[in-house]
Structure formats: C-alpha cells, structure tokens
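Working notes, beginning with the structure itself.
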Amino acid sequence: MAQYTQQFLSSVLSQRGPSALPYSEDVKWLIRQHLVALAEAYPSLQPKTATFTHNDGRTVNLLQADGTAPMLFQGVTYNIPVAIWLMESYPRHAPLVFVNPTRDMIIKRPHPFVSPNGVVSIPYIQNWVYPSSNLVELARNLSHFFGRDPPLYSQRKPSNPNPNPGPNYGSNNLSSVNSSVGSAGARPTIPPRVYSPSPSPTPTPTPPYGSGSAYGSGRIMEDPAEVFKKNAINKLVESLNGDIRELRKAREAEMEGLFSAQAVLRKREEELANGLKEMQDEKEGLEQQLQMVLMNTDVLEGWLRENEEKMGNKDIHSVDVDDALEPCDALSKQMLDCTASDLAVEDVIYALDKAVQEGAIPFDQYLRNVRLLSREQFFHRATASKVRAVQMQAQVASMASRASPQYAF
C-alpha cells in the first residue's frame with residue numbers, strides 16, 4: 001500500500017499541462033512527503049485527487065486525504081470520517097478539513113471546533129506554521145480534540161414499537177451494529193447521544209452507533225452541568241488562543257521594529273567607522289605635510305642666516321638682483337642669459353601689441369619691430385635648446401662616471 005501511495009503521488013504531482021495540480025514546483029516534494037507520512041501513520045487516511053468548488057464557483061482539481069481519523073472516547077476507539085483538502089497555497093497555509101458524516105450521522109450543535117456545515121477549526125489549524133506543521137500532527141490533534149468532544153453522533157430511529165426489549169436484546173443489537181456498519185461501507189462506529197432509559201427491569205448500556213433498538217424512541221437528554229462545563233472550557237480555550245495570537249502578533253511587530261532599528265544602527269556604525277578612518281588618514285597626511293613644511297622652513301632659515309653673514313653690514317635693498325644669483329658653471333650662466341633675453345623679448349612684443357591696439361605706433365613700424373624681435377627671440381631659444389642638450393649630456397656622463405666603479409671587477 002505504501003508503494004502504491006508513493007507511485008500515485010509521484011504520478012499526479014509530476015503531471016504537466018492543463019491536468020497539472022495547482023501547487024508550486026518548489027513544494028511538491030514536501031507535499032508528497034506529508035501525504036506519504038500521513039498514510040504510513042494513519043492507513044485509514046489515503047490520498048486521492050478530487051474536484052473542489054470554491055465559494056465563488058471556481059472548480060479546481062486538488063489533493064485530499066480521505067478516510068477516518070481515530071479517536072478515544074470513554075475508553076473506546078471510534079473513527080470519525082474526515083476529508084483533508086490540500087488547497088492551492090499548501091503547505092504555506094493550513095489545509096481545509098471537513099467532517100464527512102454518513103446518512104445516519106449528525107453533527108453535534110453547537111460544537112467548539114466543527115461548524116454546522118462540517119468545517120473543522122482546531123488550534124493547530126489556526127496556528128499553522130510553515131514548514132514545521134504537517135499532516136501527521138494535524139491528524140493527531142484531530143484525534144485529541146475529537147476525543148474530548150465528539151463532533152458526530154448516530155441518528156437513531158425506532159424499529160420496534162414495543163418499548164420493552166426482548167430477552168435477546170444484546171445479541172440482536174450487536175448484529176444490528178454489524179449490519180449497519182457493513183452497509184455504510186465498513187465505517188467504524190460513532191458514539192451516540194445519551195437517551196433516557198426505557199422502563200426496562202434491567203438496565204442495558206447504550207451501544208455505539210446502534211440502529212433498530214427500542215431505546216431509540218427515548219428523548220435526548222444531556223446533563224446541563226456537563227454542557228456548561230464543556231462550553232466554558234471551550235470558550236476559555238478559544239479566548240486563550242486568541243490572546244496568544246494577538247500577543248504573538250504584537251511581539252512579532254515589536255521584533256520587526258527592533259530588527260529595523262538594529263539595521264539602521266549598524267549602518268550608522270559603519271558610516272561612523274568609515275568617517276573616523278578617513279579623518280585619521282587625513283590627520284596623518286596633514287602631519288606629513290607639516291613635517292615637510294618645517295623641514296623647508298629650517299632650510300630657508302639656514303640659507304637666510306648664511307647669506308646674511310655674507311652680506312655683513314650691507315643693506316638688503318642695496319643688493320643687485322643680478323649679483324644675488326650666481327650660476328655654478330658657464331653653461332648655467334649661458335642658459336640664464338638666454339632665458340632672460342627670451343622673456344625680455346616676449347615682454348617687448350606684448351608692449352608693442354598694446355601700443356598698436358591703442359594707435360601709439362604705425363602698423364608698418366609694428367610689423368618691422370616684431371619681425372626683428374621674433375628673429376632675435378628665435379636665436380635665444382635655439383641657443384637655450386643647444387645648451388640644455390649639452391647639460392643633459394654632461395649630466396649623463398657624470399652619472400656614468402659615478403656608477404662605473406660599482407660595476408668594475
């Protein structure tokens with residue numbers, strides 16, 4: 001049976017196209033595992049496919065576990081016919097559970113967990129949590145809550161007008177139970193409602209799910225204290241479940257707020273750490289620049305002291321600028337003269353441009369002077385270029401002469 005169930009589920013869940021079941025591909029394997037585990041734990045609940053009609057008239061082909069759920073009531077095990085529908089959003093949302101009474105069964109009214117139309121609503125369904133909730137635990141909870149308060153009772157109809165039972169009532173009633181169970185498709189028995197005893201000299205216990213008994217003609221009687229106690233317990237359980245749900249929602253919202261605040265604080269912590277690192281790097285850079293400035297200041301102050309000693313008592317304003325700087329060699333002196341002449345010619349040409357714009361000199365005289373000055377400037381620049389080349393050669397030769405002893409054998 002287990003192998004057949006696995007093959008059936010693998011077949012229906014792997015279908016594609018219009019006949020495919022409306023479940024997400026990422027949860028089909030979990031659905032298969034839930035139904036296989038349910039069939040192994042409760043062989044009376046077997047999976048199958050059936051058409052489900054929504055309240056808006058839509059029809060869809062869904063999986064369901066159809067069969068009976070066992071329950072223990074007053075020391076006797078009974079089976080409640082149920083249908084567990086796996087809706088399109090399963091297993092992220094709870095399945096839809098119905099009790100499925102036969103013709104000779106009625107739903108207890110009122111019942112804390114079963115509506116008059118057969119919809120089951122127990123705390124496990126209301127508090128369904130994906131992915132920890134499963135069908136095996138759901139069946140166990142159904143058995144537990146049904147055992148506390150059975151949702152179905154047998155509907156008795158008198159078959160003998162004689163209120164006094166015959167001497168063989170027990171055996172006849174037992175055969176009646178067997179025949180009724182067999183005619184109902186091997187349905188297990190359901191606990192009956194409590195009826196007032198008939199005027200029989202010897203009391204006989206009421207059989208579960210009987211038919212054709214003379215006790216069926218009695219009036220339904222229930223202890224008001226027991227009914228009040230059950231209703232009070234059910235109301236208390238419902239109130240506690242509601243309070244727990246509200247408290248959990250409030251705590252979840254509070255935790256979400258705390259998590260959001262924590263994320264904001266972490267982001268600000270990272271920003272502060274980055275800002276502090278940047279400030280430390282900038283501080284190190286400024287300290288290095290300060291050290292460089294201090295070193296340059298020392299150099300300049302030393303140069304000033306040295307030159308002040310050379311000048312002696314001479315006034316600083318009486319020193320000729322040309323005598324303040326002395327080239328170190330002839331090439332440097334020639335480079336200094338060429339550069340100074342080049343810049344002087346550039347200044348003269350600029351002054352001529354201003355003069356011709358203002359009309360101070362004629363245009364033909366401006367052209368003659370610019371031509372002569374440009375030629376002179378060209379010679380100065382050419383000389384400076386040749387001097388620079390000679391200086392480069394001399395520098396390379398000096399570097400080679402300093403490096404040659406290092407590579408000598």
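The values are calculated or read from the model by the stated rules, or taken from the named source; none is laboratory data. This one's a predicted model, so the numbers in the text were calculated from it and none came from an experiment. Cβ atoms come from the backbone with ideal geometry, glycine included; neighbour counts cover every protein chain shown. Surface accessibility is based on the protein's heavy atoms, side chains included, excluding ligands, DNA and RNA. Shrake-Rupley method; radii C 1.70, N 1.55, O 1.52, S 1.80 Å.
At-a-glance table
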| read-out | value |
| --- | --- |
| Count of the stretch 99-120 residues which are under 34 Å from the mean Cα position of the chain (by Cα) and crowded, with 16+ Cβ neighbours inside 10 Å | 1 |
| The stretch 1-33: number of residues that are open to solvent by less than 20 Å² (accessible area, probe 1.4 Å) and under 17 Å from His93 (Cβ atoms) | 5 |
| Single condition Tyr90 does not satisfy, out of (1) part of a strand (DSSP E or B); (2) touching a residue at least 24 places away in the same chain (Cβ under 8 Å); (3) buried (at least 20 other Cβ atoms within 10 Å of the Cβ); (4) in contact with a Phe, Trp or Tyr (Cβ under 8 Å, 6 or more places away or on another chain) | (1) |
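Here's the yes/no breakdown for (1) touching a His at 6+ places or on another chain (Cβ under 8 Å); (2) within 23 Å of Pro43 (Cα to Cα); (3) charged (D, E, K, R):
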{"residue": "Gly57", "(1), (2), (3)": "no, no, no"}
{"residue": "Pro91", "(1), (2), (3)": "yes, yes, no"}
{"residue": "Ala94", "(1), (2), (3)": "no, yes, no"}
{"residue": "Pro112", "(1), (2), (3)": "no, no, no"}
